[in-house]
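To start, the structure itself, in structure tokens.
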Amino acid sequence: MLIDGHMHLENGPLTKDYVMEFVNAAYKQGFDRIQILDHTHRFKEFEGTYQGVKDACDKQEQWLANKEMKFKDTLDDYVKLIKEVKSCDLPIEVLFGLEVCYVPEYKEEIKKILEPYHFDFLVGAIHSIDGLLYDMSWSKEILWDKYDTNKIYQRYYELIFDLVESDLFTQLAHPDTIKMFGYYPTYDLTPTYQKLAQLLVEHHVKGECNTGCYYRYHHPDKGLSKELLQIFREYGVDIITASDAHKPSDVGTCIKDVYDACYR
Ligand SMILES: [Zn+2]
Ligand SMILES: [Zn+2]
């Protein structure tokens, strides 16, 4: 079964025609199932959960103030689209969910917002270290060149453990994207990876092998690092392949290259 478990409508409208561009791109490449999601920063309901990220740095505040991209739709708009797409005859299985920017301080608020909705899946993601985004053009200045890399890694995995233990999510986004700019800790990550694998299994959360870091940020790993992937497989983590496509032409990118390492 060929799956692309993570792609964003983010750069386009919430319309059936736009969704079908993703569906058709996946169908043409032989995918059996795709999972469509958007970041919670698309939706008005979640604006309050970004207060910490806004307060941490001016650039982040500006980034989130762009009303053409951020907090522009409602979850009800999204649910309407999902119903419309699901009522159509589709060539492959299409599931819908969200990529929630998880911050422990807003755990209860996130839970409350999500409660009335039933999505096919929910992806939890850590994108910030105590308010500081680690994957932006300004991240080197505010985070990587300012703080100890070991401390950043320790905090990143603490946040991930908290995310998994919250039981709010069915899937963990890009478990090791913290490596994206090539900063690595000096300590051995093996025990951290083992603990993560164990938690994912215990809490029935899928772990992504996300290829976005490779083709979007030019990191040499095509998805999970060899070490983390091996530990996920040893522990029996339910691995899901994911492109993190932000446009239809990126759907499925490199998934066939990592398929064997993930499943065979
Ligand atoms: Zn993400
Ligand atoms: Zn994503």
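Computed values, structure above
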quantity	calculated
Matching residues in segment 220-247 - criterion: being of a type outside the set (A, V, I, L, M), within 15 Å of ligand 2 (Cβ to nearest atom) and buried (at least 18 other Cβ atoms within 10 Å of the Cβ)	Gly223, Thr241, Ser243, Asp244
Scan of segment 207-257 for residues that are acidic (Asp, Glu), within 16 Å of Met1 (Cα to Cα) and either free of Cβ contacts under 8 Å to residues at least 60 places away in the same chain or away from ligand 1 (no atom under 16 Å from the Cβ) (or both), ordered by number	Asp238, Asp257
Filter pass, Lys44 being in contact with a Ser or Thr (Cβ under 6 Å, 6 or more places away or on another chain) and at pLDDT 95 or above	yes
Those residues of segment 112-141 which are out of contact with any helix residue (DSSP H, G or I) (no Cβ under 7 Å at 6 or more places or on another chain), away from ligand 1 (no atom under 15 Å from the Cβ) and not in a loop (DSSP other than H, G, I, E, B), in sequence order	Lys112, Leu114, Lys140, Glu141
Count - residues of segment 121-171 that are of a type in the set (D, E, K, R) and either within 16 Å of ligand 2 (Cβ to nearest atom) or touching an Asp or Glu at 6+ places or on another chain (Cβ under 7 Å) (or both)	2
Answer from Val103, Val23, Val85 - the residue that is away from ligand 1 (no atom under 15 Å from the Cβ), touching a residue at least 40 places away in the same chain (Cβ under 8 Å) and either at positive phi or surrounded by 21 or more Cβ atoms within 10 Å (Cβ to Cβ) (or both)	Val23
Given (1) touching a strand residue (DSSP E or B) at 6+ places or on another chain (Cβ under 9 Å); (2) buried (at least 20 other Cβ atoms within 10 Å of the Cβ), number of the condition Ile129 does not satisfy	(1)
Single match in Leu229, Leu168 (criterion: under 24 Å from Leu37 (Cβ atoms), modelled with pLDDT of 95 or more, part of a helix (DSSP H, G or I) and hydrophobic (A, V, I, L, M, F, W, C))	Leu229
So Asp38, is it charged (D, E, K, R), within 16 Å of ligand 1 (Cβ to nearest atom) and under 22 Å from Lys107 (Cα atoms)	yes
Residue list for segment 172-215, filter: more than 16 Å from ligand 2 (Cβ to nearest atom) and at positive phi	Gly182, His204
Count of residues meeting criterion [within 23 Å of Gly124 (Cβ to Cβ) and surrounded by fewer than 15 Cβ atoms within 10 Å (Cβ to Cβ)] in segment 248-264	1
Test result for His118, closer than 24 Å to Ile240 by Cα, in contact with a Cys (Cβ under 6 Å, 6 or more places away or on another chain) and not polar (S, T, N, Q)	no
Tabulated pairs, segment 171-198, first touching a residue at least 60 places away in the same chain (Cβ under 8 Å), second hydrophobic (A, V, I, L, M, F, W, C) and part of a loop (DSSP other than H, G, I, E, B), C-beta under 7 angstrom, 6+ apart or interchain	Gln171/Val205
Test set (1) on the phi < 0 side of the Ramachandran plot; (2) more than 17 Å from the chain's Cα centre (by Cα) - Phe46 fails condition number	(2)
Tally, over segment 44-66, of residues that are under 24 Å from Lys16 (Cβ atoms) and more than 15 Å from ligand 1 (Cβ to nearest atom)	2
Selection count where residues are crowded, with 16+ Cβ neighbours inside 10 Å and within 17 Å of His8 (Cβ to Cβ), scope segment 51-78	7
Residue within segment 177-187 that is closer than 20 Å to Gly97 by Cβ and not hydrophobic (A, V, I, L, M, F, W, C) present	yes
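The values are calculated or read from the model by the stated rules, or taken from the named source; none is laboratory data. Since this is a predicted model, take the numbers as computed values, not measurements. FYI the Cβ positions are ideal-geometry reconstructions off the backbone, even for glycines, and counts take in every protein chain you see.
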